[in-house]
Structure formats: C-alpha cells, structure tokens
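Before any comments, here is the structure.
The values are calculated or read from the model by the stated rules, or taken from the named source; none is laboratory data. Keep in mind that this is a model prediction, so the values were computed, not measured. Positions of Cβ are backbone-derived with ideal geometry, glycine not excepted, and every protein chain shown enters the neighbour counts. For accessibility, only protein heavy atoms count, side chains too; no ligands or nucleic acids. Shrake-Rupley method; radii C 1.70, N 1.55, O 1.52, S 1.80 Å.
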There are 2 protein chains.
Amino acid sequence: MIQKLMEKIQQTGAPIVVGLDPMLGYIPGHITSKAFEEKGETLEGAAEAVWQYNKEIVDAVWDLIPAVKPQIAMYEQFGLPGLAAFKKTVDYCKEKGLVVIGDVKRGDIGSTSLAYAAGHLGKVAVGSKTYYPFNEDFVTVNPYFGIDGVKPFLDVCREENKGIFLLVKTSNPSSGEFQDQLIEGRPLYELVGEKVAEWADTCMEGQYSNVGAVVGATYPEMGKILRKIMPKCFILVPGYGAQGGKAEDLVHYFNEDGMGAIVNSSRGIIAAYKQEKYQKFGPENFAQASRAAVEDMIADINGALGRR
Amino acid sequence: MIQKLMEKIQQTGAPIVVGLDPMLGYIPGHITSKAFEEKGETLEGAAEAVWQYNKEIVDAVWDLIPAVKPQIAMYEQFGLPGLAAFKKTVDYCKEKGLVVIGDVKRGDIGSTSLAYAAGHLGKVAVGSKTYYPFNEDFVTVNPYFGIDGVKPFLDVCREENKGIFLLVKTSNPSSGEFQDQLIEGRPLYELVGEKVAEWADTCMEGQYSNVGAVVGATYPEMGKILRKIMPKCFILVPGYGAQGGKAEDLVHYFNEDGMGAIVNSSRGIIAAYKQEKYQKFGPENFAQASRAAVEDMIADINGALGRR
C-alpha cells in the first residue's frame, strides 16, 4: 500500500494529507440547517451534516491530493450514526482513488488487537463468508503494549497489502511527559522509533515499508533524529499549520529522494473559509476555500523542500 | 461512579467483572445458526449472534456481579452492525443495574480526546439538543499522550460523575518492551502510576477516585508496588484465569479495606462451557456454565482474600 501512496504523491506532487476531522462548529450553517431539517437535531442529523460537509470538501480537493485522514473520534462522538458517516466517508474517498488513512489510534493485545486489525484493515469471517468491515488503507496504532499489540497489525498488513503508522512522538505539548523520558540517556521515543524500524523491516514493499510512524511537526529536532532512526518508514506528520508546525521545519522529515513523509493538515484545510486569508470565499463556498488552502499548503511545503 | 461500583461490590460480595469479549468461535452453534438463519451469514448475522450470546450470559449472571466490561474491539471487528451490538449490550447491562466498563482503550489529544470522552462517557450537543451516544459508566484510556490526552476525560468524569481506568501495566508478555524501561532507575509504569495518582486526586468521590488504573494480574510484584503508588485508585485487573493470573497473586492489588481492585475474567466466564470443568452443562446451557464459573471465581478470590 505504501507503493500506492508513493505513486499518488508523485502524480499529484503533493506530499500532504487532508485530515477529515469535522467538528459541528466548522460546518457552515446552510449545511447543518438542511441536515437538521431532514433528520432533526439528532445524532443522525449531525452525522448527515458531517457527511455532506466531507463530501463537498472531497469533491473540491480530491484531484490535488494523494490521501485523506479521517479522524474516527470526530465521528464516534456521534455514536452509531456518526460511525456510519465515517464509513461512508472512507468508501467515498476510496471511490475517488484517494488513499485513506484511518486515524483510529487503536491498540490492545493479542486477539483484541487482531480484532481491530481485521475490522479496520482486513477481513472477518462470518460462517462461510468474509467481509472487510471498515477497509481503510492505513490506520494509526498506539505502541504502548509492545510487539504483542503490534504483531496482529503487521500480519494483516502483509496479508492484505495494507499499512500502519505507529505513534512515536505525538504533536501535543505534553507528549514529552512519557515519550521524552530518558532511558539510558536516550528518550523513550527513540527507543519506540528503533522498534518501529525493526518492525518496518518485516513489512517492506519496495524501498519503503508498509509500517510508518507518526512524528509531530511541532518537534522538528526530534523529527530529524527519528528520520535517521527509521530510514525506510514513511513519517505521517501532524501538527502543521493550526498546531504551529512550519514548512521549513518539516524538510528534515523527508528523505533525500523527496519521499518518506506526508504532512497532515486538518482544520487548516477543512475550515479554511473561517480564516481571514480565505474569508472572501464565504461559508457558501467553503469547499473552494479548502481547495485554495490545499494549493497554498502544497506550494508552501514544496517551496521549503526546494530551498533545502 | 466509583461509589456506585463500590456499593455493587459490597452488595454482591464480588470484586469481579465479567469481560464480554465475544468471539464467534465461543458462541454455541445453536445461537449462530439461528442468527444466520434470520440475518444471513453477514455482519448483521454475526452481530445478532454476539448479542443473543451476551444477553443469555448477562441474564444468567447479572445478580452475582457488580460490573461487566465489554471489549469494543470484539464488536468493532464486525463493523457498524457489531458496534450496534456493543451499544445494545451496554444499554442492556445498564438496565440490569450493572456498572459498565467500556474497554475501549481510546487515547488522543485535545479536541480529539474530548470527542472520545464525550462520545463514550458524556454528551454531545446537536443544535439545541444533547445526546449521550454510548454512555458507558467507565472507559479504559491509553496514557501515551500525557495529560493533554487525559484531561478531557477527567473533565467529563467530573461533569458527568463517570470514571476511567488508565493503562499502567498491561497483562501481555511484551508489555515490558516499553512499560518496564528504566527512567532514573525506575520503570516507566511507576512513573505512569505516579501521574495517574496525581490525576486521581482531582477526581475524588469519597475515599476513592473516579480515576483508576489497569494493572495486569500477570505481574503481581509490580501490582504490589503500584497499589502503594496509587492508594486512592481502583485497579482494574485483567489477566486472571486464562492468561495465567492466580487469586493468591491478586490479594496485593486490594487495599486493607478489601476495596481498591476489581478482577476481570472474560474467556474463563463467557466460554466456560468449553472447559473440561464445566463440560457437563453442554453448549445448550452455556450460560449456566458461565454462572457456575462466576461462582467459582468469586469463591476463589474471596478465599484468597480471606487467607491473607
């Protein structure tokens, strides 16, 4: 699956991913009103608004980008109707040819971990039939359990040609509370990075692995080191834009071949029409504002890559 | 919510929780056949089998136990129909007066973490209305992000009188890969335990906190130390029975007052009819086998507690 992602990055010239993390507060009033008229001020109504919002954004940007990253929490908060909107979004993006990174941050042990891996990336058997319940292309995985928790995902990645991004260094201010703790003089995230590199070796597809890592844009010095520790891993980089990560800081997340990283922006793209810069589009044309924000983000990152 | 859990433990005399982690392979043929006849060999059919299986077990054991712990991965693997069965199970157990611990092991940062907290423990606003989408009583939470990831859960716990159990030391063989790493001579899980104790202080309800910890039964020496580090926390203890944890090892997870721990068994209870010991019940009476296994587990743990 990493090969498909790389092809899409080359095709679009855009090492970026759009985070589909809809909050009701982002969605323009004309969309929520219509959804609530049809389905009421209910979880179904919220889910419908989320879906219509996503669809319009995807329709406006799909040809510019290689991948999307729906954050399942934003759907799960609306219960079963919300999760149905998540699935609809995944399916629609795949129809559009986009690589779908399910930002689910699941993690557990043994058979439980396998259940997550099967449910999100692989298939389950029901009697004589098999089904791919959510069928994302990649998912994010929490490594706190060690290899017991990761192995079922690795197995499914190999069987199904899918991929994962393991959390190594997250973008939030308190990520250091545990991740930066020193172990024999080196921070925990480096140790996690080394393990990820080891696991990545067992899931190679070409020069890169189907096992990647999440490293926040907000910690560029750590990104530089982790880039070297995990040479064959793609790094999924959250924290660009709204969280403070700058394009200049991100060049070190890429390898010399210009590959090896994919930078996420969520709010900065999907709620672009709320920024002064894109205000002229107005809420009615929010999706066109998202398109302009995608174009600006691509130029920003490619510009920084060109200057390095 | 911890007070409600304590009352239920006192009422039943049973510091245990039944893990509702159904695998299709556990479910007797007569139940799956009926479900597949009605709904086909589909995800809906699998979900129906899971639900009927759960219901019969809950009906057979609810009066003996304070709480259940459905593992959401086992439902999520069957996609949206599976998650509907999860919700049905949560609702049904709550109707029966059981405390419901959603074993969801979610964890993320900021607004994303809040979305999980709202969706599973709290409420979401849709226009002028509010809804409790999953409405578990407790959930398990992954601490890898530090306080940024945990705070939204703490806030919802205080607002809604709900609770969480943070992963501190998990029961699996490779849990030491990261959790046991030494930081200034002390393992990471102790540092996590100290933070959990700190966070617990902000969510007290009586003598105990609504913030508890997960510490595997398979590491009793570590459990002893963690018990002291987190005196006001309930410890949710997985790994009894099938994973190898013995009642004698578990007495140190309890405080002097006989409170402070709740021991989970999943497979050992819900698939009891498959063990030689309970074979006489046969697949038709699997729920009665579960009841016998619950009675034996209570006697086993209370026996060990009595002997200490």
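Some points to look at:
- Look at (1) part of a helix (DSSP H, G or I); (2) in contact with a strand residue (DSSP E or B) (Cβ under 6 Å, 6 or more places away or on another chain) and you find that B:LEU167 fails only one, number (1).
- In segment A:275-295, the residues that are under 16 Å from A:ASP63 (Cβ atoms) form Cβ pairs under 7 Å with partners that are open to solvent by less than 20 Å² (accessible area, probe 1.4 Å) and of a type in the set (Ser, Thr, Tyr), at six or more places apart or across chains, as follows: A:ALA292/A:TYR278; A:ALA293/A:TYR278.
- Here segment A:136-163 is the region considered, the condition is being in a loop (DSSP other than H, G, I, E, B) and more than 9 Å from chain B (Cβ to nearest Cβ), and the residue that is nearest to B:GLN179 (Cα to Cα) is A:LYS162.
- Qualifying residue in segment A:229-241 (condition: buried (at least 24 other Cβ atoms within 10 Å of the Cβ), more than 24 Å from A:VAL294 (Cβ to Cβ) and not acidic (Asp, Glu)): yes
- Residue satisfying all of: in segment A:170-198; under 15 Å from A:GLY146 (Cα atoms) and β-branched (Val, Ile, Thr); farthest from the other protein chains (Cβ to nearest Cβ) among these: A:VAL196
- Residue within segment A:182-191 that is within 14 Å of A:ILE2 (Cα to Cα), part of a loop (DSSP other than H, G, I, E, B) and open to solvent by 40 Å² or more (accessible area, probe 1.4 Å) present: no
- Residues located in segment B:98-111, provided they are at the interface with another protein chain (Cβ under 7 Å from one of its Cβ atoms) and either surrounded by 24 or more Cβ atoms within 10 Å (Cβ to Cβ) or not in a helix (DSSP H, G or I) (or both): B:LYS105, B:GLY107, B:ASP108, B:ILE109
- Residue list for segment B:112-132, restricted to those being of a type in the set (S, T, N, Q), within 7 Å of chain A (Cβ to nearest Cβ) and open to solvent by 50 Å² or more (accessible area, probe 1.4 Å): B:SER128
- Residues in segment A:38-59 that are surrounded by fewer than 22 Cβ atoms within 10 Å (Cβ to Cβ) and either within 11 Å of chain B (Cβ to nearest Cβ) or not in a helix (DSSP H, G or I) (or both): A:LYS39, A:GLY40, A:GLU41, A:THR42, A:GLU44.
- Restricting segment A:60-77 to residues that are within 8 Å of chain B (Cβ to nearest Cβ) and open to solvent by less than 10 Å² (accessible area, probe 1.4 Å), the residue that is nearest to B:ARG106 (Cα to Cα): A:ALA73
- Filtered residues of segment B:78-87 (kept if within 7 Å of chain A (Cβ to nearest Cβ), open to solvent by less than 10 Å² (accessible area, probe 1.4 Å) and farther than 15 Å from A:VAL126 by Cα): B:LEU83
- Restricting attention to segment B:215-227, the residues that are open to solvent by 10 Å² or more (accessible area, probe 1.4 Å) and within 19 Å of the chain's Cα centre (by Cα) add up to 4.
- Among residues of segment B:1-37, those that are touching a residue at least 12 places away in the same chain (Cβ under 8 Å), small (Gly, Ala, Ser) and open to solvent by 40 Å² or more (accessible area, probe 1.4 Å), counted: 1
- Candidates in segment A:192-213 are the residues that are among the charged types (D, E, K, R) and closer than 18 Å to A:ILE225 by Cα; of these, the one that is surrounded by the most Cβ atoms within 10 Å (Cβ to Cβ) is A:LYS195.
- Residue check, B:GLY258 surrounded by fewer than 18 Cβ atoms within 10 Å (Cβ to Cβ) and touching a Pro at 6+ places or on another chain (Cβ under 9 Å): yes
- Exactly one residue out of A:LYS129, A:LYS94 is free of Cβ contacts under 8 Å to residues at least 12 places away in the same chain, more than 27 Å from B:SER174 (Cβ to Cβ) and not aromatic (Phe, Trp, Tyr), and it is A:LYS129.
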